[in-house]
Amino acid sequence: MIRLATNSFSWHPTYNRGIGQLSALEICRRAAAAGAEGIEIDPSRVTASDLRDAGIALSGASTGGPLFDDWTTLDADRVVATAAGVRALGGEYVFFTTAPKGGWGAHERVTEGDLGLAGERLSALARRIRAEGLAMGLHNHAASPEGFAAELSLLAEHTVPDLVGLYLDIGWAYCSDGDPVALIERFGPRLMGLHFRNHTADKVPTQMLCQGALHIPGIVAALTAAGYEGWASLELWHREDVPVVKSMQQCQTESLSCLQMLFEGRTGTG
């Protein structure tokens, strides 16, 4: 069964235009009012009481670190602590974003040796996450074809398939010249989560999901054909170059409604 979530990233005051800093409880309330069943949020920010009050589940949370560089036991421990927090609140997964080699903004070439070492680290981390009773997936976040190819190689060739899944970020895949449908067909059995976002042909995020260059109905159809059952999370990005004429609350509501209709086999443009 597909369940719809949203990511707290979208509710940050930088992107939730005209709205100041919201508490975790208020984010949860607004997400639930928009139609989300789950929220991706740092478990240290939210309580079981907050979730009950809002009428929403914690679906999972974001983690990450410098797998290609100075990865330490402390880095791994922080990820496991986040996973333990997710589990304590009834969540089901964490997704891991690896920083590029050399750090964010760097463009260093990733070697096979780098990939092998990162894969060992990620698989070892996934074993610890599995011990917490959670699933873990590699979250693609590269913004270039080369970086995306490295992420896919890391996953496909250097990690243990039964431990590390793919948390497919549809928006970032598109920005890296990837084909989301082809990726779903290739990695179907390893899919463990998704971020939904749409973009223009110029790779600028759109204000709502079902408007843009990405054919969301085709992506949903591919997921259905692959037999995916799990969480699908909305992650709208109202950055400064996005023409926004509706509030984040309206865009979340309409985008989640669009996704719901598509997964139920109904038509809608959102």
Candidates R127, R29, R109; GNM for the chain (alpha-carbon contacts under 10 Å) flags as most fluctuating R109
If each part is reduced to its alpha-carbon centroid, the range 95-153 and the range 1-23 end up apart, in Å, by 25
Expected max-MSF residue from R87, R190, R45 in the GNM of the chain (alpha carbon, under 10 Å) is R45
For the range 42-120, listing chymotrypsin sites (Phe, Trp or Tyr not before Pro) in a DSSP loop whose Cβ sees at most 11 other Cβ atoms within 10 Å gives W104
Bridge orientation stat for the chain from DSSP, antiparallel percent rounded to 5, came to 5
Expected max-MSF residue from N16, N140, N198 in the GNM of the chain (alpha carbon, under 10 Å) is N16
The set of cysteines in the chain having no other cysteine's C-beta under 4.7 Å reads C28, C175, C251
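Fewest to most neighbouring Cβ within 10 Å: what's the order for L25, L154? Each step should come with its number before you reach the end.
On the way: L25 16, L154 23.
Fewest-to-most Cβ neighbours within 10 Å comes out as L25, L154.
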Computed for the range 40-146: size of charge dipole around the Cα centre, +1 on C-beta of each Lys and Arg, -1 on C-beta of each Asp and Glu, debye to nearest 20, value 280
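Taken together, the values in this text are just the output of simple stated rules run on the coordinates, not laboratory data. Everything numeric in this text was worked out from a predicted model, so none of it was measured. Don't worry about glycine lacking a Cβ; one is built from the backbone with ideal geometry, like all the others, and counts go over all protein chains shown.
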